[in-house]
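Throughout, read-outs are computed from the coordinates displayed, never taken from laboratory work. What you are looking at is a predicted structure, and each value in this text was computed from that prediction instead of being measured. Note: ideal-geometry Cβ built from the backbone for every residue, glycine included; neighbour counts use all protein chains shown.
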Amino acid sequence: MEAEREQTSQDEKETPILEVRNMTKRFGATLALDNVSLELQRGEVLALLGDNGAGKSTLIKCLSGVHQPDEGRIFLEGEEVTLNSPMEARDLGMETVYQDLSLFDNMNVVGNFYAGREPVTPRWLGGWGWVRDGFMSSKAKESLESLQVNLPSAEVEIGLMSGGQRQAVASARAMSFGRKIVILDEPTSALGARESSNVLRLIKEAPEHGVSVIVISHNLEHVIQVCHRAVVLRQGVRVGEAEPTEENHERLVSMIVGGAAEEGKGEKQA
Amino acid sequence: MSAFMERITGSQSPLSSERSLRWSLALIRLGPAIILLLLIMAFNVLSPVFLTVQNVSNIVVQTSALAVLAIGQLFVILVAGIDLSVGSVLALSTVIGALVFTWNQGLGGSLSVAAFLLTGLVTGFLNGFMLTKGRLPHAFIPTLAMFYAASGLALVLSNGRAIPHVPGIVITLGSGYIGPLPVPVLLVAGLALVAVVLTKRLKWGRWIYLVGGDKEAARRVGIPVDRVILSVFLISGLMAGFAGVITAGRTASGYPTAGELAELQAIAAVIIGGGSFFGGRGSVAGVLVGALILGVIANGLNLLNVDEYWQLIVAGGIIVFAVELDVLRRYLEGRFRTLQARGD
Ligand SMILES: Nc1ncnc2c1ncn2[C@@H]1O[C@H](COP(=O)(O)OP(=O)(O)OP(=O)(O)O)[C@@H](O)[C@H]1O
Ligand SMILES: [Mg+2]
């Protein structure tokens, strides 16, 4: 009995929701990712750290189907997948919020929520179907409510919103449609303290909605606040991981910057 | 928790300036309609015949070909493109339509009508294909090439002469009446209605706005951007074919120099009507207002015996004014954003 229970819990732990094995990506002569492996556990909020140009964005673009890796395999819930386009990743339940948010300034919140996947009637007409605006509007408001994102109005054009509101909309959109995984690239980099806290709360609460998260950030304080684990990249190489805590703060920094700081600390080399 | 959002929704301090910003933005949106109204009022004062039924009917009939071209142009400008070829394509469609009618007069001339429209569709397809597959930097290039090529082909096919042979149905569409209503105006209304449904209600139309809003983001959310772009050029070409029908119907002939400068007028109508050259903004209603503004200026100045060339100068002034409104809109939106971010 005891042993069996241990076995199942062991199993669950060992089938990560997402696993990347030996991923390599080159841009011409630039080796942006060098044999990187990574695993994301179910219900985990994982930080991806690294200095500018470390390869973080490249990694998540490979995970969201924007780039195709030169080598390496991706497993979603234990099954190997190939992601040839952003659509394929989305259909598998993985949503990505890019640094530029991919929002449409000329659309309101509802239009942005459903951009590219507007429900139509009758369905078989596809692109020539009638957009179900009422349905979209009530569903989007429902999602925003359940994520506790309050906006002045869902009918306001995104172009009229502040950076924090825009980030909140993009994150909420990903959280509502990403059934399994949401990936965020520097969600707080352009935000002030007050606006950051709202987005951080969304990320922290994501596991409650059944969503696992990968978040890229340069802000270690934010990472410590919301992430369970941090993986560090440097010049395309995975150099280590650590639990993001105040005690590990310096260790993480030295992993990120490497070189002298690292030697001084006597950290292990990649 | 989301106190900052609530503070914005609440009816507190920042709202006075927020409200005035909202008002200014709404006013800018109504800008074209206000210009049109002011023009009508001014001409009404200056000329006793301006607002007579006969003259108003003249204005809308004379504007109908332009309105159709402008509706087509709107779709292209919505994706931040431009179609410089529509005037030449209009001419080419009248020539080909008239030639087809001289060869084959069967089926009540419907082959000829099909030839008008097909000419538009084919040239539109070529424009869109060259742009998306040929990876040309901007819609300016393929449509400029088509502007020359279509015009040249029209001159070659017609030997540079008018072809006074168009079917009765084309004449009806261009200059007929149903009761008191001019047929070309009904045609414009029908096409405008379809365009309104497409832009406001159908998914494909929504995607046109999304592609115009941000091409890269549209690609990321899975919109077939190249096909959307191709489709707007097909629409623009088809509209040039319809405009060709109206023009040939009014002159009862196909002629290779029809539609001269019409592409620029169509672009002007879109811009004056609130379409944004940055893409993603503009409406069918606005475009119709834009076309009417141009029509009213031409007609009104004519009635006042003002030299024809002055019309061009006035139109130029209004274009600058309209684009400045667009620039002002962007500025005010920026201010609005800052206000939202501060939240207090
Ligand atoms: N599309 C591309 N074409 C060519 N080189 C690229 C491309 N994208 C990224 N690179 C290069 O790959 C390397 C990794 O870039 P990446 O954007 O992944 O870094 P990052 O860790 O996200 O950095 P930052 O923190 O600045 O966002 C850099 O040297 C970059 O110049
Ligand atoms: Mg990056």
Name the residues whose placed amide hydrogens come within less than 5 Å of the amide hydrogen of A:L184, ignoring near sequence neighbours (fewer than 5 apart) on the same chain.
-> A:V97, A:I214, A:V215, A:I216
For the stretch B:233-244, take each phi angle, set θ = phi - 60°, evaluate the Karplus expression 6.51 cos²θ - 1.76 cosθ + 1.60, and give the result in whole Hz per residue in order, putting x for glycine and proline.
-> 6, 4, 4, 4, x, 4, 5, 5, x, 4, 4, x
State the number of lysine pairs found in chain A whose Cα atoms come within less than 30 Å, restricting to pairs 8 or more positions apart or on distinct chains.
-> 24
Lys/Arg Cβ at +1, Asp/Glu Cβ at -1, dipole of the protein assembly as shown taken about the Cα centre: which of B:A149, A:A140, B:L230 is farthest positive-ward?
-> B:A149
State, to one decimal in nm, how far the label point of B:W23 lies from the label point of A:E208, with both points 7 Å from Cα in the Cβ direction.
-> 4.2
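Size of the dipole of chain B about the Cα centre, Lys and Arg at +1 and Asp and Glu at -1 on the beta carbon, nothing else charged, in debye to 20?
Working: 22 positive and 14 negative charges, 209 e Å.
Here the size comes out at about 1000 debye.
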Candidates B:I271, B:I208, B:I141; GNM for chain B (alpha-carbon contacts under 10 Å) flags as most fluctuating B:I141
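Report, for the protein assembly as shown, the % of DSSP beta bridges that are antiparallel, rounded to 5. Write out the running numbers ahead of the final one.
Values: 27 of 45 bridges.
DSSP beta bridges in the protein assembly as shown are roughly 60 percent antiparallel.
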Relative to the longest principal Cα axis of chain B, at what angle does helix B:284-303 sit, 0 to 90 degrees, rounded to 10?
-> 60
The set of residues whose placed amide H lies less than 5 Å from the amide H of A:G72, leaving out same-chain residues fewer than 5 positions away, is A:T24
Could you give the dipole magnitude of the protein assembly as shown about its Cα centre, charging the beta-carbon of Lys and Arg +1 and that of Asp and Glu -1, in debye to the nearest 20?
-> 1960
Using alpha carbons only, how many degrees (0 to 90, rounded to 10) separate the axis of helix B:15-29 from the longest principal axis of chain B?
-> 0
Relative contact order of the stretch A:29-141 (C-alpha contacts under 8 Å, at least 6 apart) in percent is 15
Inter-site label distance for A:E155 and B:L312 at 7 Å from Cα along Cβ, in nm | 4.6
Hz values of 3J(HN,Hα) by residue in the stretch B:207-220 - Karplus curve (6.51, -1.76, 1.60), Gly and Pro given as x = 5, 4, 5, 5, 4, x, x, 6, 4, 5, 5, 4, 4, 5
For chain B, modelled as a Gaussian network with Cα springs under 10 Å, which listed residue fluctuates most, B:L84, B:L153, B:L181?
-> B:L181
Please name which of A:T30, A:V223, A:N106 has its Cα lying farthest along the dipole of chain A towards the positive end, using unit charges on Cβ (Lys, Arg +1; Asp, Glu -1) and the Cα centre as origin.
-> A:N106
Using modelled amide H (1.01 Å from N, peptide plane; none on Pro or chain starts), what sits under 5 Å from the amide H of A:G50, excluding residues fewer than 5 places away?
-> A:L233
Residue-averaged 222 nm ellipticity for the protein assembly as shown, from DSSP H runs of 4+ at -39500 (n - 2.57), nearest 500 | -19000 deg cm²/dmol
Sequence order, the stretch B:163-176: Karplus ³J(HN,Hα) from phi using 6.51 cos²θ - 1.76 cosθ + 1.60, θ = phi - 60°, Hz rounded, Gly and Pro as x, gives 10, x, 9, 10, x, x, 5, 5, 5, 4, 5, x, 9, x
Helix B:31-46 axis, angle to chain B major axis (alpha carbon atoms, nearest 10°) = 60
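About its Cα centre, what dipole magnitude does the stretch A:137-262 give when the only charges are +1 on Lys and Arg Cβ and -1 on Asp and Glu Cβ, stated in debye to the nearest 20? Each step should come with its number before you reach the end.
Numbers: 13 positive and 16 negative charges, 82 e Å.
The dipole of the stretch A:137-262 has a size of about 400 debye.
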Given labels modelled 7 Å from the Cα in the Cβ direction, how far is it in nm from B:Q105 to B:A252?
-> 1.4
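With viscosity set to 0.890 mPa s and temperature to 25 °C, compute the Stokes-Einstein D of the protein assembly as shown, Rh being the Kirkwood radius across alpha carbon pairs; µm²/s, no decimals. Intermediate values should be presented prior to the final figure.
On the way: Rh = 27.4 Å.
Answer from the Stokes-Einstein relation: 90 µm²/s.
Dividing the Cα convex hull volume of the stretch A:152-217 by residue count, how many Å³ per residue is that?
Details: hull volume 5.7 nm³, N = 66.
It is 87 Å³ per residue.
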Between B:L30 and A:S138, what FRET efficiency follows from the Cβ-Cβ distance if R0 is 41 Å, with the result rounded to 0.05?
-> 0.90
Which of these, B:D83, B:D226, B:D307, has the largest mean-square fluctuation under a Gaussian network model of chain B (Cα springs below 10 Å)?
-> B:D307
